[in-house]
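Below you'll find the structure, written out as structure tokens, and then a few comments.
The values are calculated or read from the model by the stated rules, or taken from the named source; none is laboratory data. Note that the structure is predicted; figures quoted are calculated from it, not measured. All Cβ positions, glycine included, derive from the backbone under ideal geometry; neighbour counts span all protein chains shown.
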Amino acid sequence: MKRIAIATRWGMAAPSPTDAHLSVRDPVDEGEPIKPKEKDALFIGLLRLHIANLIKSLGHAELASALRGLTHQPFARRLQGDIQRARTLLDAVPVREVEKATAIGGLVGGIVTRAGPVTDTDVAPADQEALARLNLRPAFVGIERDLIRAVIDAELQTVRTRLTQIVGADQFARPDRAGGWIIPLGEERRIIGST
């Protein structure tokens, strides 16, 4: 059995978010070679778990649970029902847009401050500015909705293409190279609006 450990860092010592880092420990284990089809299933499964772990703490526990469930379903007929449930939940999740940003599509996520994630999924722009004035360094952390849809549908080529695309530099927003974005909020900074 292959063992992989993944760690995500929430805390920041710098006054503004720096590039996101994803640490992976992949120990060398002797074993049977993995077939290409199995590698593809592992890739999609790990990405589903990564997204589920991220969005759960950002106020999207039900969608996270559905994504996690897709990784454990061994029966094809039940899997189709689970995929449909995950699609329905994704369609019900509020999608956030970044003002004046062309490279960033609709995002699913939430606001994180120095004090931790804000579990309320609808934080008004005035509240975002208040968090910034209180020096809580609010940032919106989210995953592109289209990527989540492709992961639910296990569209391997679409996912790989999206993850390898080079995204242009942005004055505030930073991509994490896994479909996620970190966008500082506050006065004179981009405010996430709901669509």
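If you go through segment 113-151, how many residues are part of a helix (DSSP H, G or I) and of a type in the set (Gly, Ala, Ser)? Break it down into steps so the answer makes sense when it comes.
Initially, segment 113-151 is screened for residues part of a helix (DSSP H, G or I), giving 125-133, 145-151.
Narrowing the set further to residues that are of a type in the set (Gly, Ala, Ser) leaves 126, 130, 132, 150.
Counting residues in segment 113-151 that are part of a helix (DSSP H, G or I) and of a type in the set (Gly, Ala, Ser) gives 4.
Taking segment 71-112 as the region of interest, how many residues are assigned to a helix (DSSP H, G or I) and surrounded by fewer than 21 Cβ atoms within 10 Å (Cβ to Cβ)? Working first, answer last.
The first filter runs over segment 71-112 and keeps only residues assigned to a helix (DSSP H, G or I), leaving 76-92.
Those left that are additionally surrounded by fewer than 21 Cβ atoms within 10 Å (Cβ to Cβ): 76-85, 87-92.
Count: 16.
Here's a check for you: in segment 160-191, which residue that is under 20 Å from ILE51 (Cβ atoms), among the aliphatic types (A, V, I, L, M) and surrounded by fewer than 20 Cβ atoms within 10 Å (Cβ to Cβ) is modelled with the highest pLDDT?
Taking segment 160-191 first, the residues under 20 Å from ILE51 (Cβ atoms) are 160-165, 167, 173-183.
If we keep only those that are among the aliphatic types (A, V, I, L, M) as well, we get 163, 167, 173, 178, 182-183.
Filter once more, so that each one left must be surrounded by fewer than 20 Cβ atoms within 10 Å (Cβ to Cβ): 163, 167, 178.
Working: LEU163: 83, VAL167: 68, ALA178: 77.
Selected residue: LEU163.
Considering only residues that are part of a helix (DSSP H, G or I) and more than 8 Å from the chain's Cα centre (by Cα), which ones fall in segment 46-60? First the steps, then the outcome.
The first filter runs over segment 46-60 and keeps only residues part of a helix (DSSP H, G or I), leaving 46-56.
Residues satisfying the conditions are LEU46, LEU47, ARG48, LEU49, ASN53, LYS56.
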